[in-house]
Every structure is written in C-alpha cells, then in structure tokens.
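This report concerns only the one structure given below.
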Amino acid sequence: RPMVLSLSPGAARVCNANHLRRHANMWRISFDFWDNWEALKKQFDRCRLWAPYITQGAWPDADMLPIGRIGIRGEVGEARSANFTPDEQCALMTLWCIARSPLMFGGHLPESDALSLSQITNAEALAVNQHSANNRQLYRRDEAIAWTADVPGTNKKYLAFFNLSDQALEIEVAAGELGLGSAKFTVRDLWGKVVLG
C-alpha cells in the first residue's frame with residue numbers, strides 16, 4: 001500500500017540530497033530539535049541550504065514542532081509548556097511553513113495552549129507549507145532575514161520576515177526583489193488574517 005518513508009539520519013548532509021530525494025519522502029536536516037531559541041536560530045541556515053532540494057513528494061525535515069505541552073516522556077526535561085515566547089513560536093511556525101518542512105506536532109494535543117492550536121489549524125498559513133513553490137531565502141542582512149515563495153498558478157507571492165536580534169528592526173523588500181516590478185499589490189497578514197493595505 002502507499003507509504004511515506006521518513007528518514008532520521010541525524011543531520012543529513014547536503015551532498016546526499018539527490019539520493020535522499022530519490023529514495024525518501026522526507027529526511028531530517030538536524031539532530032533533535034527542542035524548544036530553544038538558539039537552536040531555532042540555527043535552523044534558518046539549515047533550511048536555506050536545503051531549500052533548493054524541496055520537491056513535490058520529497059521534503060527536507062526540520063524536525064517536529066516542539067510547541068504546546070511537551071516533554072511528556074520526552075528526552076529533554078520534564079513535562080512543561082514549550083519554552084518559546086509567542087514571537088519565537090510564530091517565527092518557528094513561519095519558517096517551517098515557508099521552508100515546506102513537514103509539520104508534525106510534537107506536543108500533547110489535549111493539553112496544548114490556544115496559541116499552538118490556532119497556529120496548527122490556520123488554513124492560510126498551512127497553505128504556504130502545502131501549496132507553494134520556489135521556496136527560498138531572499139536575503140539575510142545580519143539578523144534580518146526574508147524568505148519568499150510563489151503561489152502556483154497566480155502572480156501572488158508569499159513573503160516571510162524574520163528578526164533574529166533582540167532589538168526591533170525595520171525589514172524591507174522592494175517589489176523588484178520579488179519579481180513584481182512596479183505592480184501594485186495587496187498585503188495580507190496570514191497569521192492575523194487581516195489585509196494590511
């Protein structure tokens with residue numbers, strides 16, 4: 001019967017990417033990932049390296065989502081709510097979605113908080129993970145990172161901004177950087193489900 005082959009070789013090496021794509025549906029790109037901001041910051045470089053190898057039916061896997069109520073019979077720490085702040089958790093979910101990492105919930109669903117439940121059920125954000133193409137990091141300027149992806153069959157783009165610093169940052173992308181030229185466009189916040197203008 002149909003099956004999904006998920007490999008967990010620890011941190012897979014990019015030099016094996018084509019072999020992994022031919023023989024598996026997903027493969028881990030890091031060792032175990034837990035609810036730690038410094039660990040999350042390292043995933044940005046890993047996702048950037050693996051983005052060119054995303055293809056339909058085969059995905060680089062940034063590991064499970066350690067959000068909500070976690071650590072129940074886990075290897076790291078006692079049972080607890082995830083250590084991520086709301087902003088850090090939003091960054092995590094946004095990176096996993098725009099990088100098309102498999103979304104496997106690593107928490108205890110019945111005891112999870114409202115934020116985690118709202119994120120894993122947000123159809124607009126999940127569409128980025130499930131139905132986007134040409135996903136890639138647009139740039140990294142010190143601690144400011146921008147990713148983009150195409151909405152297949154349209155002239156729409158997904159755009160994700162990340163601030164990895166501890167300070168507020170202004171992060172900008174010119175329409176030309178997205179291949180939109182001087183066209184006018186509408187911006188929608190997928191997490192807030194609001195049009196921004």
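The values are calculated or read from the model by the stated rules, or taken from the named source; none is laboratory data. Computed from a predicted model, the values in this text were never measured in an experiment. Positions of Cβ are backbone-derived with ideal geometry, glycine not excepted, and every protein chain shown enters the neighbour counts. Note: accessible area is taken over every heavy atom of the protein model, side chains too, but ligands, DNA and RNA are not part of it. Shrake-Rupley method; radii C 1.70, N 1.55, O 1.52, S 1.80 Å.
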Count of region 25-53 residues which are farther than 30 Å from ARG69 by Cβ and either more than 14 Å from the chain's Cα centre (by Cα) or open to solvent by less than 90 Å² (accessible area, probe 1.4 Å) (or both):
4
Consider region 164-175. How many of its residues are in contact (Cβ under 8 Å) with a residue 24 or more places away in the chain and out of contact with any helix residue (DSSP H, G or I) (no Cβ under 8 Å at 6 or more places or on another chain)?
3
With the requirement that a residue be in contact with a strand residue (DSSP E or B) (Cβ under 8 Å, 6 or more places away or on another chain) and open to solvent by 40 Å² or more (accessible area, probe 1.4 Å), what does region 141-157 give you?
GLU143, PRO152, LYS156, LYS157
Considering each residue of region 54-76, count those that are touching a residue at least 24 places away in the same chain (Cβ under 8 Å) and open to solvent by less than 50 Å² (accessible area, probe 1.4 Å), and give that number.
12
Go through region 94-129 residue by residue and tally those that are touching a helix residue (DSSP H, G or I) at 6+ places or on another chain (Cβ under 9 Å) and outside any loop (DSSP other than H, G, I, E, B).
17
Would you point out which residue out of ALA99, ALA17 is in contact with a Cys (Cβ under 6 Å, 6 or more places away or on another chain), under 20 Å from ALA133 (Cβ atoms) and of a type in the set (A, V, I, L, M, F, W, C)?
ALA99
Options PHE84, PHE185; residue that is open to solvent by 40 Å² or more (accessible area, probe 1.4 Å), part of a loop (DSSP other than H, G, I, E, B) and aromatic (Phe, Trp, Tyr):
PHE185
How about region 148-164: which of its residues are in a loop (DSSP other than H, G, I, E, B) and either within 18 Å of LEU138 (Cα to Cα) or not polar (S, T, N, Q) (or both)?
VAL151, PRO152, GLY153, ASN155, LYS156, LEU164
Can you tell me which residue in region 163-182 is farthest from the chain's Cα centre (by Cα), limited to those that are open to solvent by 90 Å² or more (accessible area, probe 1.4 Å) and modelled with pLDDT under 90?
SER182
Consider LEU115 against the criteria (1) under 19 Å from ASN163 (Cβ atoms); (2) open to solvent by less than 10 Å² (accessible area, probe 1.4 Å): it satisfies all of them except one. Which criterion is unmet?
(2)
